[in-house]
Amino acid sequence: MFSDFPHLIDLNDYPVTWWNGLLDLGEKILQNPALYANSCKGKLMGTLFYEPSTRTQMSFQTAMLRLGGTVIGFDNPSTSSVAKGENLKDTTKIVSGYADVIVIRHPTVGSAKAAALTADCPVINAGDGGHLHPTQTLTDLLTLKVEKKTLSGLTIGLCGDLYNGRTVHSLCKAMSCYPDNHFIMISTKELRMPSYIKDFIRANGGTFEEVKSLEDAIPKLDVLYMTRIQKERFASEEEYLAQKDTYILTPKKMQLAKQDMIVMHPLPRVDEIAVAVDDDPRAMYFKQAKYGMYIRMALILTMLQSTARTELLVGEVRPGVACPNTKCITCAEAYLPKSFMGKGSTLTCEYCDQRVLLAHE
């Protein structure tokens, strides 16, 4: 199923050459932002933020304003017609009639792809549940490009909630497309990286290992990517409390790291990085947030100038087959075509990447 507009739902829908072009543009804007000040004059961006955000929402808004454009939208669905029961399709359809580009964040997995199916303008995924966060990944790639001068041959530690962390999912998928990167996944058994991400790394020739100890892993790392234990992704307060203080980065642990290792974090931080670490020159998370504004400026420009069509659903609609992931958008929005990739008894939901095992007849 094709859309007449370019969309950014999953960074891996585009070739690495496209990413590199975007990163080059982001670096040029970083070096001379005034040159791009009126690039989007007369253009309007709609922001549909169904869940709380500070950095992503404000950096997108700031990016558009710095490009000379304007912004409409909501940051609380209770103040919109969503509170009256309006479905995602209708909200997206209406706003896409007003805006030149839509940025959507939604707590339900696959929501950005669902929105793009019927939108009348480009859609940018600003985070769909615990699934993907491609513009955070672009932020991370620009940070690595500027600070490490390379996107290849790195040992990258990923620490914390790797099961629910959409930022680490997107980063692993992206960095496994560059050669010779090795991932060290540091988490408890309950918060391990999902299988589909590890499958993607293997399929792209990448390597990874799974460990429990941050202290053991940190001396090997070129990059340490910390994540918070996300309370909003847990089914109960008890489950969250059992995990929340497992990994905390302190100055003492930083003494074990290489002098040129950098620490990244998508933010917000709770207590997984001690405030004292902020004074370490290897702490990049505040710089990282600022780089996000520049890469989003590059992305908005690229989306508005592109005439490409996006293929959103490439699989097959399977009557009678339902995605078993209760957090998938197809469970909440019944009108959506339930499309799956694969043949035989193992399928994959095109919205949330959940495996579906069919019973043998």
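The values are calculated or read from the model by the stated rules, or taken from the named source; none is laboratory data. If you're wondering where the values come from, they're calculated on a predicted model, not measured in any experiment. With ideal geometry, Cβ positions are generated from the backbone for all residues, glycine too; neighbour counts draw on all protein chains shown.
Under 6 Å between Cβ atoms, which residue pairs at least 6 apart in sequence (or on different chains) link something in region 40-69 that is free of Cβ contacts under 8 Å to residues at least 24 places away in the same chain with a partner that is buried (at least 17 other Cβ atoms within 10 Å of the Cβ)?
These pairs meet every condition: Gln61/Val71.
As an exercise: evaluate His131 against (1) within 18 Å of Trp19 (Cβ to Cβ); (2) at pLDDT below 95; (3) in contact with an Asp or Glu (Cβ under 9 Å, 6 or more places away or on another chain) and give the number of the one condition it does not meet.
(1)
Would region 77-87 turn up any residue that is of a type in the set (Asp, Glu) and under 14 Å from Gly46 (Cα atoms)?
No, that holds for no residue.
Could you figure out which of (1) out of contact with any Ser or Thr (no Cβ under 8 Å at 6 or more places or on another chain); (2) modelled with pLDDT of 95 or more isn't true of Cys121?
(1)
Residue-by-condition table, conditions (1) without any contact (Cβ under 8 Å) to a residue 40 or more places away in the chain; (2) surrounded by 22 or more Cβ atoms within 10 Å (Cβ to Cβ); (3) out of contact with any Phe, Trp or Tyr (no Cβ under 8 Å at 6 or more places or on another chain):
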{"residue": "His131", "(1), (2), (3)": "no, yes, yes"}
{"residue": "Pro134", "(1), (2), (3)": "no, yes, yes"}
{"residue": "Leu138", "(1), (2), (3)": "no, yes, no"}
{"residue": "Leu141", "(1), (2), (3)": "no, yes, no"}
{"residue": "Thr150", "(1), (2), (3)": "yes, no, yes"}
{"residue": "Leu154", "(1), (2), (3)": "no, no, yes"}
{"residue": "Val168", "(1), (2), (3)": "no, yes, no"}
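Please give the number of the condition Leu256 fails out of (1) crowded, with 22+ Cβ neighbours inside 10 Å; (2) more than 21 Å from Thr54 (Cα to Cα); (3) at pLDDT 95 or above.
(1)
In region 48-86, which residues are buried (at least 20 other Cβ atoms within 10 Å of the Cβ) and either on the phi > 0 side of the Ramachandran plot or of a type in the set (Ser, Thr, Tyr) (or both)?
Across region 48-86, the qualifying residues are Tyr50, Thr56, Ser59, Gly73.
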